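Trainee: Okay, here's the structure, questions in a sec.
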Amino acid sequence: MIVAKRKPFDEIKSLLKGYGKVLNVGCGTCVAVCLAGGEKEVAVLNAELDMARRLEDNPVEMGAITVERQCDMEYLEVLDSMVNEYDALLSMACGAGIQFLAERYPEKPVLPAVDTTFIGVNRAVGWYEERCRSCSSCVLGLTGGICPVTMCAKGLYNGPCGGTNKGSCEIDKNQPCAWYMIYERLKAQNRLDCIMEITPPSDWQNQVPRTVIQPGYKKPEKV
Amino acid sequence: MKSGSNLEKVLTAGHFAFTGELGPPRGTDADEVRKKASHLKGMVDAVNITDNQTAVVRMASWAASIIILQEGLEPNYQMVCRDRNRLAMQSDILGAYAHGIRNMLCLSGDHQKFGDHPQAKGVFDIDSMQLIGMVKRMRDEGKFLGGTEISHPPKIFIGAAANPFADPFEWRVHRLAKKIKAGVDFIQTQCIYNMEKFRTWVKQSNDMGLTEKVYLLAGVTPMKSVGMAKYMKNNVPGMDVPDELIKRLQGVDKKMQADEGIKIACEQIDEFKQMKGVAGVHLMAIEWEHKVPEIAERAKMLPRPIV
């Protein structure tokens, strides 16, 4: 899932300065699961904003709604009849959702309440770890299911570097060396031949906005 | 000859090579480079010019390399993957070659987190293995990584590093094999203190026939003090400093520790001269360039061959 964390409260408050009526739009998918921007977080943030602005003698009227997914126009329709009542929209979705909201309501200021952080896994409740940089050219089949682009601090395709330290990365003793793990896993699977060959330089595909059109589908004529 | 560099000539003639190291200044004073170079002149076959080592900004490696060329020394131009993408790397290589630089050392580079700009974006567009392959392609095929032709391709003697001590130890020899497959001509190792482990690694390399395909230069850094030895042991990733070495330094008077460090380095060099598969020594006298003449003399590395 996409993992995000809420922006510092003062930053959100500063973004909303000057707006008297704001609709806070939560997202019911990734950011709800990672406890950053779902229905509950919308309610908590609104209560905090309400209180802070009242203390400043500058009250704000906060509206609340959480849609299934902000990255899907179908789920944004429900907002069409609401947005005109507000001066601005605050989005608790990931960066993709925030942009889709802004695209749908181009006359409205759409402001982010979270910092989108990574594509990751749920290690424990409230604990998330990054696993994928969406490079568009997955090498996990060669690297024992451990991503060197994400998990190696240098993103090396032919590691480990000379800085690997008793299984840890040179940047931090608590950060495991990705290539040490790759080696250990492939060795246990008797698949070290996977990394005997040199991996050539990556054709970096994440340098421009990417589009995916699945087989049998085409770009809609009217958006 | 692949490049015709002095280092290549010394090695192909079968001499036991001796290379040094010079860290460029954190400023613009060319005389600082010249002063350090003056200690190394006539003492070594080539001088590694480090590239923003420990991720700290310094005078560009190619620029300091040109200064020492003008002083009559041969640079071994170090290039790390941390700070440049493939365009910048290739254009720097062209420029370096145009100025007479003939040796290169291809490295990943210390992570930017260690340096004076920890917030910098690490580039790592390609890694050290891929950099070796890129320089080889530029030299042997006369082509850029992108595939287009180079007019007057750079003829570089290609070097890389090897750390026989980092984990996993069993993989280290295979990593060397990969660098050879990528096209490396010579290897300079990480500073060696654990001689036992180094002997094992060289034997593995000999057994796999690797030392016949690459010139292996053993990395030596004399310890200046017990403090330095402890620091290297505990704080430098991938460094293997045995307790016996620290004990030996502790066993002499504080004033004599540096001398003892040089003595240990000379003993190591003596052994490397005899060791099958080792083609030379890379002396990394960190901020100790003025000691290189003494070390070269005591290690009986003088005079340097003229090929």
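The values are calculated or read from the model by the stated rules, or taken from the named source; none is laboratory data. Computed from a predicted structure; not experimentally measured. When we count neighbours, we look across all protein chains shown, and the Cβ atoms used for this are built from the backbone with ideal geometry, even at glycine.
Trainee: For residues in segment A:108-140 being free of Cβ contacts under 8 Å to residues at least 40 places away in the same chain and touching a helix residue (DSSP H, G or I) at 6+ places or on another chain (Cβ under 8 Å), which is nearest to A:Ile12 (Cα to Cα)?
Mentor: Restricting to residues being free of Cβ contacts under 8 Å to residues at least 40 places away in the same chain and touching a helix residue (DSSP H, G or I) at 6+ places or on another chain (Cβ under 8 Å), the top hit is A:Val110.
Trainee: Could I ask something else about it? Exactly one of (1) away from chain A (no Cβ under 14 Å); (2) out of contact with any helix residue (DSSP H, G or I) (no Cβ under 8 Å at 6 or more places or on another chain); (3) not basic (Lys, Arg) is unmet by B:Val202. Its number?
Mentor: Status for B:Val202: all satisfied but (2).
Trainee: What are the residues in segment A:19-45 that are out of contact with any helix residue (DSSP H, G or I) (no Cβ under 7 Å at 6 or more places or on another chain), surrounded by 20 or more Cβ atoms within 10 Å (Cβ to Cβ) and farther than 18 Å from A:Gly95 by Cβ, if any?
Mentor: A:Val22
Trainee: What tally of residues in segment A:147-196 results from selecting those that are over 22 Å from B:Val123 (Cβ atoms), part of a loop (DSSP other than H, G, I, E, B) and either under 29 Å from the mean Cα position of the chain (by Cα) or more than 8 Å from every other protein chain (Cβ to nearest Cβ) (or both)?
Mentor: 4
Trainee: Tally up the residues in segment A:195-213 that are exposed (fewer than 14 other Cβ atoms within 10 Å of the Cβ) and among the aliphatic types (A, V, I, L, M), please.
Mentor: 4
Trainee: May I pose another question? For segment A:77-84, does any single residue satisfy the condition of being surrounded by fewer than 16 Cβ atoms within 10 Å (Cβ to Cβ), part of a strand (DSSP E or B) and in contact with a Leu (Cβ under 9 Å, 6 or more places away or on another chain)?
Mentor: Initial filter on segment A:77-84 (surrounded by fewer than 16 Cβ atoms within 10 Å (Cβ to Cβ)): A:77-78, A:80-82, A:84.
From what is left, the residues that are part of a strand (DSSP E or B) are none.
No, that holds for no residue.
Trainee: Taking into account only those residues within segment B:166-206 that are at pLDDT below 95 and assigned to a loop (DSSP other than H, G, I, E, B), which is surrounded by the fewest Cβ atoms within 10 Å (Cβ to Cβ)?
Mentor: The extreme case among them is B:Pro168.
Trainee: Separate question: Can you tell me which residues in segment B:89-129 are under 23 Å from B:Leu7 (Cα atoms), surrounded by fewer than 23 Cβ atoms within 10 Å (Cβ to Cβ) and not hydrophobic (A, V, I, L, M, F, W, C)?
Mentor: B:Gln90, B:Asp92, B:Gly95, B:Tyr97, B:His99, B:Gly100
Yes/no matrix, rows are residues, columns are (1) over 15 Å from A:Lys154 (Cα atoms); (2) more than 8 Å from chain A (Cβ to nearest Cβ):
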residue	(1), (2)
B:Ala98	yes, yes
B:His111	no, no
B:His117	yes, yes
B:Gly122	no, no
B:Ile126	no, no
B:Arg137	yes, yes
B:Pro153	yes, yes
B:Ala161	yes, no
B:Pro164	yes, yes
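Trainee: Under the condition of being small (Gly, Ala, Ser) and not in a helix (DSSP H, G or I), which residue from segment B:227-266 is surrounded by the fewest Cβ atoms within 10 Å (Cβ to Cβ)?
Mentor: Here the residue is B:Gly251.
Trainee: What is the residue count in segment B:224-245 for residues that are aliphatic (A, V, I, L, M) and more than 23 Å from A:Thr164 (Cβ to Cβ)?
Mentor: So the answer is 1.
Trainee: Given the structure, is B:Val47 out of contact with any Leu (no Cβ under 9 Å at 6 or more places or on another chain) and either within 24 Å of B:Lys113 (Cβ to Cβ) or surrounded by 22 or more Cβ atoms within 10 Å (Cβ to Cβ) (or both)? Steps first, answer last, please.
Mentor: Numbers: out of contact with any Leu (no Cβ under 9 Å at 6 or more places or on another chain): no; either within 24 Å of B:Lys113 (Cβ to Cβ) or surrounded by 22 or more Cβ atoms within 10 Å (Cβ to Cβ) (or both): yes.
When the stated conditions are applied, B:Val47 does not pass them.
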